[in-house]
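Peer 1: Provided herewith is a single structure, encoded as structure tokens, for subsequent inquiry.
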Amino acid sequence: MAEEEKQPSGTAGKPIRCRAAVARKAGEPLVMEEVVVAPPSSHEVRIKIICTSLCYSDITFWKMKDPPGYFPRILGHEAYGVVESVGENVADLTEGDTVIPIFLPDCGECTDCRSKKSNLCTKLPFKVSPWTHRDETSRFTDLNGDTVYHFLYVSSFSEYTVVDIAHLTKVDPAIPPNRACLLSCGVSTGVGAAWRTANVEAGSSVAIFGLGAIGLAVAEGARLCGATRIIGVDVNPDKFEIGKKFGVTDFVNSKECGNKTVSQGWGKTVVLGVDKPGSQLNFSSFEVLHHGKTLSGSLFGGLKPKSDVPILLKRYMDKELRLDEFVTHEVRFEDINKAFDLLLGGKSLRCVIWMDNCLKFL
């Protein structure tokens, strides 16, 4: 990061007008418009977004007509940015620091955040809220003065956004922005599910149901943990060739299993991703009691954002963790709806969206 970007911005304490891609109605193309971003309040910073990537969670809530779907809203939660200004009670971040925002809070103060047994913060419990985390208000308004809602405490489809410090992880500015942003959500969730939640052991076998971006990240995590057999289960046979890049050794087309079940054997089952409101899981108690099967959820892959994500970034810089292969497309901010089309059409894993004032990174 250039030294001049470490200097105070001159906009500290003042509202900023900037461009944002606003979701006005469920399922309709985002609208590029000017919004007003308020200064950060206590325990918050305002960041300039350098680039952001599109995650399927954005798609899920973009389609959602009823709460927790809210409109108008600024979506986006996988990003890389630079701190523009800080509010009160911010000690660990300063203007010019490079950060990635993460939807899962890590206050570093509560019992759970200090424990190795959980990555869920009890001081700031996670929920799908349309507000900032501590005072449940918005830092966004449109030019008519009407409220624009937040998304997952990040809202990165804006040139500037305000984020609570519990949701920010400081990163080395030497790391490419279009790779660091991937660890804000999807890739971290998949890799972490294998590494932290499942605790995959060297020489073990892993089966992955669904070879989307998160499933492929699970494969990458299993590969890093030393799994010798990584079985990808999907209905699209083309996914096998893609999966090989991330360590998938075998492929099962679940449409062609005949009378065989694809869940034979004992083991640990980890559930991750985004569920639809009201979704249910059904399983046999006999299999749990008599076959020793276990079932666990994995929010953000069981990772602690402020301590585990830097480890993954270092492994990328050491050429151990594969991030490059996840980026299949890159577009300018004004073409953000093209990123939606690519993901909806099954043509991309991750599309990185660059803000215009940051094209020097292209």
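Any read-out appearing in this document is the output of simple, stated calculations on the displayed coordinates, not a laboratory observation. Note that the structure is predicted; figures quoted are calculated from it, not measured. In this analysis, Cβ positions are derived from the backbone assuming ideal geometry, glycine residues included, and neighbour counts consider all displayed protein chains.
Peer 1: Which value in nm describes the separation of the simple spin-label points at Ser118 and Asp275, placed 7 Å from the Cα toward the beta carbon?
Peer 2: Taking the two extended label points, one gets 1.8 nm.
Peer 1: Count the DSSP beta bridges whose two residues both fall in the chain, then state the antiparallel fraction as a percent rounded to the nearest 5.
Peer 2: Roughly 65 percent of the beta bridges in the chain run antiparallel, per DSSP.
Peer 1: Of (i) 22.9, 76; (ii) 20.5, 67; (iii) 20.7, 75, which is the value of Rg and Dmax of the Cα atoms in Å derived from the coordinates here?
Peer 2: After the calculation, the listed value that fits is (ii).
Peer 1: At most 16 other C-beta atoms within 10 Å and a DSSP loop state: those are the exposed GluC sites (Glu not before Pro) I care about. Give me the longest piece of the chain that has none.
Peer 2: So the longest stretch without any such site is 202-319.
Peer 1: Now for a separate question. Run through segment 1-90 and list the trypsin sites (Lys or Arg not before Pro) located in a DSSP loop whose Cβ has at most 13 other Cβ atoms within 10 Å.
Peer 2: Lys25, Lys65
Peer 1: With the contact rule set at Cα under 8 Å and sequence spacing of 6 or more, what percent relative contact order holds for the chain?
Peer 2: For the chain, the relative contact order is 17 percent.
Peer 1: Decide, for segment 254-362, between rounded, prolate and oblate: order the square roots of the alpha carbon gyration tensor eigenvalues as a ≥ b ≥ c, take rounded if a/c falls under 1.5, and otherwise choose prolate if a/b is larger than b/c, else oblate.
Peer 2: prolate
Peer 1: Now, a different point. For Lys245, which lysines qualify as cross-link partners when the Cα separation must be under 17 Å and same-chain residues fewer than eight apart are set aside?
Peer 2: Candidates past the 8-residue exclusion: Lys319, Lys347.
Peer 1: Ser85's amide H: which non-local residues (gap 5+, or another chain) put their own amide H closer than 5 Å, with H modeled 1.01 Å from N in plane and none for Pro or chain starts?
Peer 2: Here the answer is Arg46, since their amide H atoms fall under 5 Å of that of Ser85.
Peer 1: Please label the shape of segment 18-119 as rounded, prolate or oblate, based on the square roots a ≥ b ≥ c of the eigenvalues of the alpha-carbon gyration tensor (a/c under 1.5 means rounded; beyond that, a/b larger than b/c means prolate, else oblate).
Peer 2: Oblate.
Peer 1: Taking the Cα centre of segment 92-214 as origin and charging only Cβ (+1 Lys, Arg; -1 Asp, Glu), how large is the dipole, in debye to the nearest 20?
Peer 2: Working: 10 positive and 14 negative charges, 111 e Å.
Here segment 92-214 has a charge dipole of around 540 debye.
Peer 1: Is the C-alpha gyration tensor of segment 175-236 telling us rounded, prolate or oblate? Criteria: a/c under 1.5 is rounded; beyond that, a/b larger than b/c is prolate, otherwise oblate.
Peer 2: Oblate is the answer for segment 175-236, as a/c is 1.5 or above yet b/c matches or exceeds a/b.
Peer 1: So what is the 222 nm mean residue ellipticity for the chain from helices alone, if each DSSP H run of at least 4 adds -39500 (n - 2.57) and you divide by all residues, rounding to the nearest 500 deg cm²/dmol?
Peer 2: Value at 222 nm, helices only, nearest 500: -5500 deg cm²/dmol.
Peer 1: If you don't mind, there's one more thing I want to ask. Can you tell me the relative contact order of segment 8-154? Whole percent, Cα pairs under 8 Å, sequence separation 6 or more.
Peer 2: Result for segment 8-154 is 24 percent.
Peer 1: Let me ask you something else. Per residue Cα convex hull volume for segment 129-276, in cubic angstrom?
Peer 2: Spelled out: Cα convex hull of segment 129-276, divided by residues, is 172 Å³.
Peer 1: For the pairs Lys65/Lys276; Lys14/Lys65; Lys127/Lys338; Lys127/Lys293, note any where the Cα-Cα span goes beyond 23 Å.
Peer 2: Details: Lys65/Lys276 12 Å; Lys14/Lys65 34 Å; Lys127/Lys338 29 Å; Lys127/Lys293 29 Å.
Among Lys65/Lys276; Lys14/Lys65; Lys127/Lys338; Lys127/Lys293, the Cα-Cα distance tops 23 Å for Lys14/Lys65; Lys127/Lys338; Lys127/Lys293.
Peer 1: Only Cα pairs under 8 Å and at least 6 apart count here; give the relative contact order of segment 145-252 as a rounded whole percent. Kindly include the intermediate steps, with their values, before the conclusion.
Peer 2: Working: 142 pairs, mean separation 21.8, N = 108.
Relative contact order here is 20 percent.
Peer 1: In addition: For a quick check of your reading of the filter: which trypsin sites (Lys or Arg not before Pro) in segment 248-341 sit in a DSSP loop and have no more than 16 other Cβ atoms within 10 Å?
Peer 2: Lys260, Lys319
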